[in-house]
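The values are calculated or read from the model by the stated rules, or taken from the named source; none is laboratory data. Worth saying up front: this structure is predicted, and the values here are computed from it rather than measured. FYI the Cβ positions are ideal-geometry reconstructions off the backbone, even for glycines, and counts take in every protein chain you see.
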Amino acid sequence: MRLIRTRRRPTCEINITPLIDIVFLLIIFSMVLSQFSKLRAEKLALPEARKGAEPKPVEGARVVVNVLPDGRMVVFRRQQSLESLTALLAAKAAQAGPAGVSVVIRGDRRSPWRVAGRVLQACAARGIARVKVAVVEPGEGGGTRGTGRAK
């Protein structure tokens, strides 16, 4: 008995299951990331500035201190006293290691500047030199929605 051999033709199939998985993960990542950016942004009317430079991306931990019009400080959606802010900055500086900590002060234009001065003093006491103040350019609508630009 003789066996008949048939030639197989190579078939080409595209399996898109991994592609669908990756796209799904990217969508979830962007949704979660947008929620984190909304958590940091308090509704503030940022002060205006005509001059300044765009901030350079920095490595290490970043702490955004929001100074509300009544003088309260809010960090990570929690109200902070000066002592708790100093302790938080010390903890972040210990976690960041050699990369260091960067602090952005987002103060409402109606907030007392002595509070921003206290934040600067707390940063200086912890050896944090990278401190920026968020502002908007004139005519940008007052900065009530976005995070503004740190100059």
- Task: Can you confirm whether the stretch 90-112 contains a residue that is among the hydroxyl-bearing types (Ser, Thr, Tyr), more than 17 Å from the chain's Cα centre (by Cα) and crowded, with 20+ Cβ neighbours inside 10 Å?
- Result: yes
- Output the qualifying pairs, or none if there are none: Cβ atoms under 7 angstrom, residues six or more apart or on different chains, first residue in the stretch 12-30 and in contact (Cβ under 8 Å) with a residue 60 or more places away in the chain, second residue among the basic types (Lys, Arg). none
- Note on the structure: Exception for Arg106 within (1) closer than 21 Å to Val136 by Cα; (2) in a helix (DSSP H, G or I); (3) of a type in the set (D, E, K, R); (4) at pLDDT 75 or above falls at (2)
